[in-house]
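The values are calculated or read from the model by the stated rules, or taken from the named source; none is laboratory data. Because the structure is predicted, anything quoted here is derived from the model rather than measured. Heads up, the Cβs are rebuilt from the backbone with ideal geometry, glycines too, and the neighbour counts pull from every protein chain shown.
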Amino acid sequence: MGDPNIAQTKPFVMEIDAGTYAWCACGQSDNQPYCDGSHKGSEFKPIIEQVEESKRVAWCGCKHSDNAPFCDGTHKEL
Ligand code: FES
Ligand code: FES
């Protein structure tokens, strides 16, 4: 698998409501941190995350986390 595009070298820290989210794994979306369909034709596809309650999350922005879709600190090594 090729390397995803680095959307930003830090997480997207956000307060979000319960719901279903499609995290952009390819890094090409113009609607970061979410998928906008730009991955089409590539080997990437979004990770669908079910969020059960309103909370603060840190979506991975660098797209290299081993705990995707969430930041695990890997961005510090890029
Ligand atoms: Fe990707 Fe932190 S932003 S690991
Ligand atoms: Fe990146 Fe869909 S636009 S995974």
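Is there any pair with a first residue in segment 1-30 that is under 16 Å from Glu49 (Cα atoms) and modelled with pLDDT of 95 or more and a second that is loosely packed, with under 12 Cβ neighbours inside 10 Å and acidic (Asp, Glu) whose Cβ atoms are under 9 Å apart and which are 6 or more apart or on different chains, and what are they?
Short answer, once both residue conditions are applied: Asp17/Glu53; Ala18/Glu52; Ala18/Glu53; Cys26/Glu43.
Restricting attention to segment 7-24, report how many residues are in contact with a helix residue (DSSP H, G or I) (Cβ under 8 Å, 6 or more places away or on another chain) and within 14 Å of Cys35 (Cα to Cα).
So the count comes out to 0.
I need the full set of residues from segment 31-52 which are exposed (fewer than 13 other Cβ atoms within 10 Å of the Cβ) and without any contact (Cβ under 8 Å) to a residue 40 or more places away in the chain, in order please.
Within segment 31-52, Asn31, Gly37, Lys40, Gly41, Ile48, Gln50, Glu52 qualify.
Within the chain, which strands (runs of 3 or more DSSP E) (wholly inside it) include 3 or more residues that are within 11 Å of the chain's Cα centre (by Cα) and away from ligand 2 (no atom under 13 Å from the Cβ)?
Output list is empty.
Which one of Ala7, Ala22, Ala68, Ala58 is touching a Gly at 6+ places or on another chain (Cβ under 9 Å), of a type outside the set (Phe, Trp, Tyr) and crowded, with 17+ Cβ neighbours inside 10 Å?
On inspection, the qualifying residue turns out to be Ala7.
Would you mind stating whether Thr74 is among the hydroxyl-bearing types (Ser, Thr, Tyr) and within 13 Å of ligand 1 (Cβ to nearest atom)?
yes
Would you mention how many residues in segment 33-55 are of a type outside the set (A, V, I, L, M, F, W, C) and touching a Gly at 6+ places or on another chain (Cβ under 7 Å)?
2
Under 8 Å between Cβ atoms, which residue pairs at least 6 apart in sequence (or on different chains) link something in segment 60-78 that is over 13 Å from Lys10 (Cβ atoms) with a partner that is surrounded by 13 or more Cβ atoms within 10 Å (Cβ to Cβ) and of a type in the set (S, T, N, Q)?
Cβ pairs passing all conditions: Asp66/Thr74.
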